[in-house]
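Written below as structure tokens is the structure these notes are about.
The values are calculated or read from the model by the stated rules, or taken from the named source; none is laboratory data. Because the structure is a prediction, the values reported are computed rather than measured. Reconstructed Cβ throughout: ideal geometry from the backbone, glycine too, with neighbour counts over all protein chains shown. Heavy atoms of the whole protein, side chains included, go into the accessibility calculation; ligands, DNA and RNA do not. Shrake-Rupley method; radii C 1.70, N 1.55, O 1.52, S 1.80 Å.
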Amino acid sequence: MKLAIADWIVLAGYLFVVLGIGIYFSRKNTSTEEYFVGGRRFRGWVIGLSLVGTSISSITFLAYPADAFKTDWLRYLPNLALLPAMLVAAFVFLPFFRRGNMTSAYEFLEMRYGPSIRVYGAIAFLVAQLVRLAMILWLLSLLIQEVTGVTPTTAIILGGLFVGLYTVIGGIDAVIWTDVLQTVILLLGGVVCLWVILEALPGGLSQVFDLAGQAGKFALAPWENGAPGETSWSFSLSEKTATMMLLIGLTNWLTEYSSNQNTVQRYCASQSTKEARRGLWVYLFTALPIWAFYMFLGTALWVFFQVYPDVQASAILQGEARAETLMPHFITAYLPAGVAGLVIAAALAAAMSSLDSSINSVTTVSVVDLYRRHLRPGQDDRHYLRVAWGIAVAVTVFMIGGALWLNGAETKTLQDTSTILVSLLGGGMLGLYLLGFFSQRGDARAAWCGIGCTLVFTGWTVLTNKGLLPDALSAPFDLYYTGLIGNLLMFAVGYLAASLWPASSSAPVTD
């Protein structure tokens, strides 16, 4: 489908506004304090919506509907653990990071354990974020290809350069304000898609609930022995039961809000602890409905293509085409002229809101935790600002290169791939932070014992995943549980090792 002139006007208008925001804030970036934390002046509602934009990436816009289309709502279940995770983050984690004008999540690790643990935390974050950047840019390129007809290489390079441009020049101010805009556009685009589907279905909304309900498409948890209505709530390390999916969700969310620079940087950019906490509540009550909405959109698409059979949709259901091509195909083939532009802008927003945050946070960690702390301490602030610009450019180049590699790689459903990568690359970070937050026992030696054991465990699961171990030595559990087990191992080993090497000085554990 060729886009109508109105579509191109809407799309171009959105891109110009985003670029304009970057140019506007580029004039204010005369210090690292401004470039990294925006002068610490943001209100809670801005922080909350920017967190939504950061977490609701291409994986939400493309992979959530694709997952619901192919299977059911199982992948939504871990999100329900966000509520208890937010309570812990707001009243336990947040106060630590609001002390002493911190800029990085890993400054706490040096205060608690020493500089070597801070370096480990920073490097673990950088590795995970660089993988995430490549994955999200690759997803963005799928839509660009579908809309414009350009080659995958061209789509990846164009998308990466545009996001890199406004992020490099605009700093955290541009990142946060474009994230707010992109959150609004993202929601509008999804609403338009659902409206078109419901208008086309003879039975409207009730038909979606009837057909999808009969097929079990709304199931939040796997059925026991495959029997509808008998949900499995057992504790199992070999199956994805409801209980285990909730535990996985809790582990991932606690990791996100204790040790992820994308999140902690927003704590630090808030006006006060009160405003930062308010931002968490805005995020909680905005993100959960949006995730549910996009799962429902995928379910509605399944009903739509049951009523109106489609070759591409059938190929996706049969595993002959990538599930993540579902939304780009629907947008370009079924949306009316003049509407597709808004939805494409929403899809672009989904990707860009995550890419810009990660580029800025990787830059911040590289400068604050590594370059300024260890490589070139004592330089003037202008020097560090110039280095930050250079690192942001380098990260953009790496992101583009990673997406080009990923384009030629064999992948499963991206939602599964993303979950496994988060678990494998987490490196027991949640366990490390929890040991620091809730205990005064142990120093760097105890922490390194926990880290070493966790890395050995993680390496074992990687070898299992690659099929490089005989069955007798392979991990006897689903790799979804790598992060959960790894963090428990990190905490337990670190706590036990602390009895051998008590901390030489204790960090306070209450606000």
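With the requirement that a residue be among the small types (Gly, Ala, Ser) and either at positive phi or open to solvent by 10 Å² or more (accessible area, probe 1.4 Å) (or both), what does the range 82-109 give you?
Correct list: 100 only.
One residue is enough: does the range 117-140 have a residue meeting the conditions at positive phi and open to solvent by 10 Å² or more (accessible area, probe 1.4 Å)?
No: zero hits.
Please work out which residue is modelled with the lowest pLDDT, limiting yourself to the range 53-76 and to residues that are aliphatic (A, V, I, L, M) and over 16 Å from the mean Cα position of the chain (by Cα).
Filtering the range 53-76 for residues that are aliphatic (A, V, I, L, M) and over 16 Å from the mean Cα position of the chain (by Cα), the one modelled with the lowest pLDDT comes out as 74.
Give the residues of the range 442-456 that are touching a residue at least 24 places away in the same chain (Cβ under 8 Å) and of a type outside the set (Gly, Ala, Ser), sorted by residue number.
443, 445, 448, 449, 451, 453, 454, 455
How about the range 172-202: which of its residues are open to solvent by 30 Å² or more (accessible area, probe 1.4 Å) and small (Gly, Ala, Ser)?
Correct list: 200 only.
Being open to solvent by 10 Å² or more (accessible area, probe 1.4 Å) and either of a type in the set (Val, Ile, Thr) or over 22 Å from residue 487 (Cβ atoms) (or both) is the filter here; which residues of the range 251-268 pass it?
Selection gives 251, 255.
Consider the range 465-507. How many of its residues are of a type outside the set (A, V, I, L, M), at pLDDT below 80 and in a helix (DSSP H, G or I)?
The total comes to 3.
Answer yes or no as to whether residue 375 is free of Cβ contacts under 8 Å to residues at least 24 places away in the same chain and under 30 Å from residue 115 (Cα atoms). Let's see the steps before the verdict.
Working: free of Cβ contacts under 8 Å to residues at least 24 places away in the same chain: yes; under 30 Å from residue 115 (Cα atoms): yes.
The answer is yes for residue 375.
Looking only at residues that are part of a loop (DSSP other than H, G, I, E, B) and of a type in the set (Val, Ile, Thr) in the range 133-156, which one is farthest from residue 402 (Cα to Cα)?
150
So for the range 280-302 (the condition being closer than 30 Å to residue 362 by Cα and free of Cβ contacts under 8 Å to residues at least 60 places away in the same chain), does at least one residue qualify?
Yes, the range 280-302 contains at least one residue that is closer than 30 Å to residue 362 by Cα and free of Cβ contacts under 8 Å to residues at least 60 places away in the same chain.
Within the range 145-167, which residues are farther than 13 Å from residue 352 by Cα and open to solvent by 10 Å² or more (accessible area, probe 1.4 Å)?
145, 146, 147, 148, 149, 150, 151, 152, 153, 154, 157
How about the range 269-287: which of its residues are touching a helix residue (DSSP H, G or I) at 6+ places or on another chain (Cβ under 8 Å), part of a helix (DSSP H, G or I) and open to solvent by 10 Å² or more (accessible area, probe 1.4 Å)?
273, 274, 275, 277, 278, 281, 282, 286 - these are the residues of the range 269-287 that are touching a helix residue (DSSP H, G or I) at 6+ places or on another chain (Cβ under 8 Å), part of a helix (DSSP H, G or I) and open to solvent by 10 Å² or more (accessible area, probe 1.4 Å).
Have a look at 342, 326 and point out the one that is of a type in the set (A, V, I, L, M, F, W, C) and out of contact with any Pro (no Cβ under 9 Å at 6 or more places or on another chain).
342
Looking only at helices (runs of 4 or more DSSP H) that fall completely inside the range 288-406, which ones have 1 or more residues that are modelled with pLDDT under 80?
Details: elements: 311-317, 326-334, 340-365.
Filter on the range 288-406 gives 326-334, 340-365.
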